[in-house]
Amino acid sequence: MTNTGAELLSVLRAQFPAQPPKRLGIAVSGGGDSVALLHLARRCFADEDVELFAATVDHGLRPEAADEAQWVKRLATDLGIVHETLTWRGWDGNGNLQDHARRARYELLTQWAQRNQIVTLALAHTADDQAETLLMRLCRAAGVSGLSAMPSRRMQDGVVLVRPLLSVTRETLRNFLNAEKLNWCEDPSNMDTRYERIRVRKVLDSLRPLGLDARVLTEVAGNMARAREALDWYTFLAAKDLALIDAGDVLLDLRGFRTLPEEIARRLLLHVVGWISGDRYPPRRAAVAEAMAAIRHERSAQLGGCLILNQGRRARICREYKAVEDLQVQLGELWDGRWVLSGAVLPEAEIRPLGPQGLSQCPNWRETGRPHAALQSTPAIWQGESLIAAPLAGESRGWAARLKSGEEDFYASLLSH
C-alpha cells in the first residue's frame, strides 16, 4: 500500500472508537470519494469484528444513475460487502430540486440503516465539500451556525452519521484511487454549472493562489463550530432559566428575555418555534426580527406556524391554529409530528385540532389557565362532528395527550447536533 493509503487508513480509523460498531453502513454513490471510502473501510476493518454494508441512492434524475448503482453493486459484491440500491421517485417538479434530493437521500439511507440494524452510517464528505458548503452559506450571509457547516458526527432518526474524511481533500482521495489502480464513476452533473455547488467549486479553484483552499476553509468551519457550541451552551442556560413548558407550549419570562444578548435571544426564540412547529428550516430573517421586536415591546405576533401571545410577565409561544386546521390522523398515529393520544378504541374516530367549534364544547377550558387561541390548536378526538375528548382543554373523558419526546427534549435538543 502507498504512503497515502496508509495515512488515509489512519485518518479513517481515528474517527471510530476503540471498539468500532459491529455493523457499519457506507453510503456509496459510485463517485471517487465514496468509492475510496468503501475500499478504505474494507481494509481498515478487515481484522476487526465489523460487518460492512453498502447502499446507493438512485434519485431517478439521470438515466445513468441506475447503471452506476449496478456498478457499485458489482464492486461491493467483489469486496464481499452486502449492497442495496435505494430508489427515490418523489420529485414533483416543485421547489429546490437539490434540497429535496438531499433530504430524500438522508431519509432513505437512515431507513435502510434501521431495517438492517445499522446504528452507524459513514458518509464520504471531504474537506472540499466542507469548503464548498461554507462558501455557499457565506453567499447567503449566514451566521455562526450556517458557517460551521457540516459536523463530523451527528444523529438522525436514531442513526449516527459519521463523516470520517472531512479533513481529507478530494485530490488526495483521487491520488489514492489512481495509485491503487481503482476505478470509479464520474457523475456528469459535476461539470454542470447550473448547480450552485459546481459554480462555487470553480470559484474555489480560483481562490487557491491566494491561500484560500479547502483545508483553510475547513479550519474556518471548525472555528465556527466551536463558536456555535458556546452560543448553544449559553442558549441552553437561558432556556433553563427563562422557559417553562405547559402542554406543549413554551412560556418565556419577558423581563429575563429582554435582558439577553441579541444573538442568544434570537437563538432561543428560533429553538422554541422549531421545537413546536417541527420545521427543519428557520423562518426568514425579516419575520424573526419582527417577532423579536414584538416580544420586546410586549406585543403578540406570529412566526413560523406559531403564535406568540403576550401574557403580561410572560410570552406564551404555541402552535398557530391555521397551521394545523386541516391536519387529521387516525387513532394511534402521531399528530402534528409531536402528540401521542391514548384512550379507548373508538370506531371511525380520528384526531383533529380542537378549533373554535370544539372549544365551544369545552365548558371547563378556562380552568386550564391556557388562552383561547392556544387551546384551539391542541389535539382532540372527533367522531364526525362530535367532540369525544379534548385532553388539554379540560375535557379528558378518559383520554390523555403527551409529547412524543417529552418536555425535557426541549432543553436537551439545544445541545444536540
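The values are calculated or read from the model by the stated rules, or taken from the named source; none is laboratory data. The structure displayed is predicted, hence computed values, not measured ones. So basically every Cβ, Gly included, is an ideal-geometry build from the backbone, and we count neighbours across all protein chains shown. What goes into the accessible areas is simple: the full protein's heavy atoms, side chains included, and nothing from ligands, DNA or RNA. Shrake-Rupley method; radii C 1.70, N 1.55, O 1.52, S 1.80 Å.
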Hits in region 348-372 (condition: in a loop (DSSP other than H, G, I, E, B) and farther than 15 Å from residue 399 by Cα):
348, 360, 361, 363, 364, 369, 370, 371
Check whether at least one residue in region 100-118 is acidic (Asp, Glu), open to solvent by 10 Å² or more (accessible area, probe 1.4 Å), in contact (Cβ under 8 Å) with a residue 60 or more places away in the chain and more than 20 Å from residue 170 (Cβ to Cβ), and report yes or no.
no
Inside region 249-264, can you point out the residues that are part of a helix (DSSP H, G or I) and either over 26 Å from the mean Cα position of the chain (by Cα) or of a type in the set (Gly, Ala, Ser) (or both)?
254, 255, 256, 257, 258, 259
Only one of 280, 267 that is at pLDDT below 95 and under 25 Å from the mean Cα position of the chain (by Cα)
280
Residue 388 passes all but one of the listed conditions (1) of a type in the set (A, V, I, L, M); (2) open to solvent by less than 20 Å² (accessible area, probe 1.4 Å); (3) outside any helix (DSSP H, G or I); the exception is number (2)
Does residue 140 satisfy the condition of being in contact with a helix residue (DSSP H, G or I) (Cβ under 8 Å, 6 or more places away or on another chain) and under 30 Å from residue 263 (Cα atoms)?
yes
Which ones in region 367-384 are on the phi < 0 side of the Ramachandran plot, touching a residue at least 24 places away in the same chain (Cβ under 8 Å) and surrounded by fewer than 18 Cβ atoms within 10 Å (Cβ to Cβ)?
367, 371, 373, 383
May I ask you to verify whether residue 340 is surrounded by fewer than 17 Cβ atoms within 10 Å (Cβ to Cβ) and modelled with pLDDT of 95 or more?
yes
Can you find a residue that is at pLDDT below 95 and assigned to a loop (DSSP other than H, G, I, E, B) anywhere in region 303-313?
yes
Which of the residues spanning region 391-417 are of a type in the set (Ser, Thr, Tyr), part of a loop (DSSP other than H, G, I, E, B) and under 24 Å from residue 272 (Cα atoms)?
405, 413, 416
Within region 111-128, residues being over 20 Å from residue 31 (Cα atoms), of a type outside the set (A, V, I, L, M, F, W, C) and part of a helix (DSSP H, G or I) number 3
Where the second residue is open to solvent by 40 Å² or more (accessible area, probe 1.4 Å) and part of a strand (DSSP E or B) and the first is closer than 25 Å to residue 373 by Cβ and lies in region 342-361, which pairs have Cβ atoms under 7 Å and are six or more apart or on separate chains?
350/330
Where in region 129-248 are the strands (runs of 3 or more DSSP E), entirely inside, with at least 2 residues that are open to solvent by 60 Å² or more (accessible area, probe 1.4 Å)?
153-156
Kindly check whether there is at least one residue in region 275-296 that is among the small types (Gly, Ala, Ser), open to solvent by 40 Å² or more (accessible area, probe 1.4 Å) and in contact (Cβ under 8 Å) with a residue 60 or more places away in the chain.
yes
Just to verify a result, which residue in region 297-311, among those that are free of Cβ contacts under 8 Å to residues at least 24 places away in the same chain and small (Gly, Ala, Ser), is least open to solvent (accessible area, probe 1.4 Å)?
301
Pairing a residue in region 2-15 that is open to solvent by less than 50 Å² (accessible area, probe 1.4 Å) with any residue that is polar (S, T, N, Q), where Cβ atoms lie under 7 Å and the two sit 6 or more apart in sequence or on different chains, gives 4/172; 4/175; 11/167
Looking only at region 347-366, count how many residues are out of contact with any Phe, Trp or Tyr (no Cβ under 9 Å at 6 or more places or on another chain) and open to solvent by less than 50 Å² (accessible area, probe 1.4 Å).
2
Scanning for something open to solvent by less than 20 Å² (accessible area, probe 1.4 Å), in contact with a His (Cβ under 8 Å, 6 or more places away or on another chain) and either polar (S, T, N, Q) or under 30 Å from residue 286 (Cβ atoms) (or both), does region 78-93 turn up at least one residue?
no
